[in-house]
Amino acid sequence: MFGLCTKFGKLTLCDNYLKAMSGNQSNTSAAPLVAMRGITKAYPGCLANDSIDLFVDAGTIHALLGENGAGKSTLVKILYGLLQADAGSIEWRGESVTIASPAQARQLGIALVFQHFSLFEALSVLENIALGMAVDANNELKQKIIEVSNRYGLPLDPDRQVYTLSVGERQRIEIVRCLLQDPKLLIMDEPTSVLTPQEVNDLFVTLRRLSEEGVAILYISHKLHEIKALCSEATILRGGKRVATAIPEQESTHSLASLMMGDELVAPERETHTPQDKVLLSLSNASRAAAEQHEVPLENINLNVRAGEIVGIAGVAGNGQDELMQVISGEQALGHAQALVLDGEPAGTMSPGARRAKGLCCVPEERLGHASVPSMSLTENAFLTAHHRTNMRTIGLISKRKSKRFAEQVIEQFNVQCNGTATAAASLSGGNLQKFIVGREIEQKPSVFVVSQPTWGVDAGAAAAIHKSLQDMARQGAAVLVISQDLDELMLISDRIAALCAGRLSDVHQTEDVTVQQLGELMGGASISAEVSA
Amino acid sequence: MSPESNMFVMIALTIISAATPLVYAAIGELVVEKSGVLNLGVEGMMLAGAVSGFAVAHVSGSAMLGVLAGVFAGMLLALIFAFLTLGLRASQVATGLALTIFGIGLSALMGQALIGIAYEGIPSLNIPYLSDIPVLGPLLFQHDLLVYGSFALVIAVSYFLKYTRAGLIVRAIGDSPEAAHALGYPVLRVRYLATLFGGACAGLSGCYLSMAYAPMWVESMSAGRGWIALALVVFATWQPGRLLFGAYLFGGITILQLHAQAIGINVPSQLMSMLPYVATIIVLVLISRDRGRIRKNAPASIGQAFHPTK
């Protein structure tokens, strides 16, 4: 937190310029559906929202743009009654209101699809939705869920327990819950990150239909082309301040991005790598039965990753990504050693530690609890995976000095904002922790690097940094495998691409031969006609 | 009545009276744990309930007032626990253990003057005709109200958790207080109420011991039943129906060993006394094989402090 706030400090230089820009905002239209004026919220040592104005008209799709830490979440929480502003006023349909609780927000007609899903794992879909709406979990509600989920193409089984569902399915619960409340203002916090292109299109159709029905939508995202395609107005936040309002159609993605990020974009260009002939990671007929009821069985996965290339694996959540990751990392051993060959050596039955020692480093999807121990310090977390490949011990005991130095190196190289190496992993923001755990593996100089959802919930700046370091690795001759649901990401960085559907891997294609639409079909289990196969 | 059926009725009655205090204490703790709070002070709250109930019943001559006093005493201790762990965010484990020690000491101090005093016990039901039916009469229609109350309570709690909105909120808070808070549910208030309910049930359980089971006051008379109740909740995977079954299983095993000794079955009594605990361990091992059930029923946030500001 502290680190972020010092970063904001530099931005105050351009205050006057920003104020001049925001002054252009016209307040002339008849009372907007919601008007937030001068919203200010301070945390100890950090001004999260600094006199922000936000106006959303009924029937419009309004984008709220900003990087992580820009103050979007705080602003939305104030609007939804989860936080109280220190200063400022909120008007709802022209009347001054105080939104003291989410219940009150819901009563007004405000619904929120959370970025981090507020779901109860042990409860069923039906019960979760009932809790979110403060109604009884009865058959009537069940029918409504089925009806709404069918109408908007968001299939859901009301009786499933949430812990058995994938990330994408969980998001559907949130969306369906909001739609059931018949909202006047629907707040969507990064809703498309787990959807296929087709599903995104379907969602946009839904959102446009809702907005035609008069519902205002506050759409929070950092995917600029989505905002250009969908939103009619945009409010851009940076460092807790409103820096501009814009009409997305009239802006280029580049101009929006520079408003959002301040300085010029450092997004990496697409680059192609010339892979060497040497196959570093090879899966042949790798299969794994589902160990638990809702796991996805892997069926005959065949995949070669060569030195110096990035291979991307697309797929909607819950199609075997976690299982594939476990099989590669060694958390789940394969039946026979030959099923996974690591730099020429059969490794299918090796332990994760042995695979790391051989040069295979992995970053699983779940940042907190899987890739890191939330309550442990960064130094300790660094030691946990890096001790296989780096010297972190003195006469067999953990060397605090050596592991601390390694953690410091990661923090410096990957520009992790934190209060030093003693900080607990859980206290880092999502983007910073992601930079740390990706950096931790990259600093070990692996020959094979496998990463799942490298930029999930990470802001554009951090995502660009992570993408760049993946490209650097490939250029230096590592074999890189990226499992992701973010197609833009895969299209940008991967040399070859495949899709995982229901535990089966499609053929692998050269990325430039595949369109996003075709990739979407692959994700749905179809195959592309022979002409584009690589 | 034949001697065999006499023997059977006697054993059945003693099982019921051994199981009833376990049912009360455990069903209360089940609700507490379902809300995400782990109160290890059940034993202490039982003893406070036992001594208060006995004292008030003795002085006033009213079993009703005694039971009320016992319930109140259990709630008072639970309130201390709730204030420390929910209000001040002290460690639930340490505070619960301290509460047990406190309850043992406090009840011993309060009960000094009560030792050796006789009390006729809570009157049993006596329904004309029904109570006189051989075998079934004594089995079904000759208990005190607390026995029937324990069954009613289990059914009520089961219904509450499964079918009411309030019960759903309790389960939700036990699963993820953060998510519940984000939706605007009053996490701490619900946890306070659940903890108080647990205290009331433990107090009631204590009352049953000192006013119906014994009936008299002896120092530390709960003799570890509070701990068995805690184990029962896990044993039952937080399901009221299984909890009832478990309480009777435990009560049964406890009683059978006494009867076995009385009949003269030659097994060392220490071995027999181990039976309930051996059974717990075996069942816990079997239960933990079914991860789905645990995932579905165990409150995920149990024992963790919740900071509403975060």
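Throughout, read-outs are computed from the coordinates displayed, never taken from laboratory work. Only a predicted model underlies this, so the values are computations on that prediction, with no experimental measurement involved. With ideal geometry, Cβ positions are generated from the backbone for all residues, glycine too; neighbour counts draw on all protein chains shown.
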Check which residues have an amide H placed less than 5 Å from A:Ala478's amide H, if you skip close sequence neighbours. A:Gly308
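Determine, for B:Arg289, A:Arg270, the number of other Cβ atoms within 10 Å of each Cβ, and report the residues in order from fewest to most. The partial results should precede the final answer.
Details: B:Arg289 8, A:Arg270 12.
Listing B:Arg289, A:Arg270 from fewest to most nearby Cβ atoms yields B:Arg289, A:Arg270.
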Give me A:Glu441, A:Glu233, B:Glu29 sorted ascending by neighbouring Cβ count inside 10 Å, so fewest comes first. A:Glu233, A:Glu441, B:Glu29
Would you please give the residues with an amide H less than 5 Å from that of A:Ser399, counting only those at least 5 places away or on a separate chain, with H modeled from the backbone geometry? A:Arg393, A:Thr394
Length gained when the stretch A:Asn415-A:Gln143 is fully extended (0.36 nm per residue, less Cα-Cα span): 92.9 nm
On a 0 to 90° scale, report how tilted helix B:145-163 is relative to the longest principal axis of chain B, with both axes built from alpha carbons and the result rounded to the nearest 10. 30 degrees
Table column - 3J(HN,Hα) (Hz), region B:83-99, Karplus curve with 6.51, -1.76, 1.60, x for Gly and Pro: 4, 5, 8, 8, x, 9, 6, 6, 4, 5, 5, 5, 5, x, 4, 4, 5
Hey, what angle do you get for helix B:240-263 against the long axis of chain B, alpha-carbon based, 0 to 90 degrees rounded to 10? 30 degrees
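Please tell me which of these pairs span more than 30 angstrom C-alpha to C-alpha: A:Lys77/A:Lys402; A:Lys142/B:Lys34; A:Lys144/B:Lys296?
Details: A:Lys77/A:Lys402 42 Å; A:Lys142/B:Lys34 25 Å; A:Lys144/B:Lys296 24 Å.
Those over the limit are A:Lys77/A:Lys402.
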Can you work out the Karplus-derived ³J(HN,Hα) for every residue in region A:359-369? Use 6.51 cos²θ - 1.76 cosθ + 1.60 with θ = phi - 60°, whole Hz, and x for glycine or proline. x, 9, 10, 10, 10, x, 5, 6, 5, 9, x
Fewest first, what order do B:Leu146, A:Leu203 take by the number of other Cβ atoms within 10 Å? A:Leu203, B:Leu146
Inter-chain shielding of B:173-183 (mean C-beta neighbours from other protein chains, 10 Å cut-off): 6
Give the angle, between 0 and 90 degrees and rounded to the nearest 10, that separates the Cα long axis of helix B:63-82 from the longest principal axis of the Cα atoms of chain B. 30 degrees
Would you grab the residues whose amide H sits under 5 Å from the one on A:Glu233? Only those 5+ places off in sequence or on another chain, please, with H modelled 1.01 Å from N. A:Ile61, A:Ala63
Inside 10 Å of the C-beta atoms of A:476-487, what's the mean count of C-beta atoms belonging to other chains? 0
Assign unit charges at the C-beta atoms only (+1 for Lys and Arg, -1 for Asp and Glu), then state the dipole size of the protein assembly as shown relative to its Cα centre in Debye, rounded to the nearest 20. 1820 debye
